[in-house]
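We did not get these values from a lab; they are worked out from the coordinates using the rules stated. Quantities reported herein were computed from a predicted structural model and do not represent experimental measurements. Neighbour counts run over all protein chains shown; Cβ positions are idealised from the backbone, glycine included.
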Amino acid sequence: MNMNEIGKVILRVVLGLTFFIHGLDKFQGGIANTAGYFDSLGIPGFLAYVVAAIELIGGIALILGIGTRIISILLALIMLGAIFTAKLSLGFLVNGQMAGYELDLALLAMSVYFILADKTILSLDSKLANQNN
């Protein structure tokens, strides 16, 4: 295994952990609050449940390396939605009350990387693909 593969695994696990924690926080913090926030932005509140579930389950899937490309597409769409509906008007950095879109942009870039990248050796995707050959 080369250093590039190790870097991809670290990046995938950190991205997965970040989304998992964000999804967990939405549920633990009261998903109804998140749904209300979505409504205040003009987004149907039920989508808060969808977003939180994708973050939670998708985070676990990324950590394990299952469906990495598909999960990354979903997470990239969530980040685009967050940037353009909630964060862009706040600016790149913190405005004093809320974070800007800097983290969302970094998570978007990481997700796009995994949309474009090959499977890593240390992933269940890779192990499953090898069993089918």
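Straight-line reach from LYS87: which lysines have a Cα under 24 Å away, not including same-chain ones fewer than 8 places off? The reachable lysines, counting only those whose Cα sits under 24 Å from LYS87, are LYS26. For LYS119, the lysines whose Cα falls under 19 Å of its own Cα, not counting residues fewer than eight places away in the same chain, are LYS8, LYS127.
Each other residue within a Cβ distance under 10 Å of LYS87 adds +1 if Lys or Arg and -1 if Asp or Glu, for a net charge of -2.
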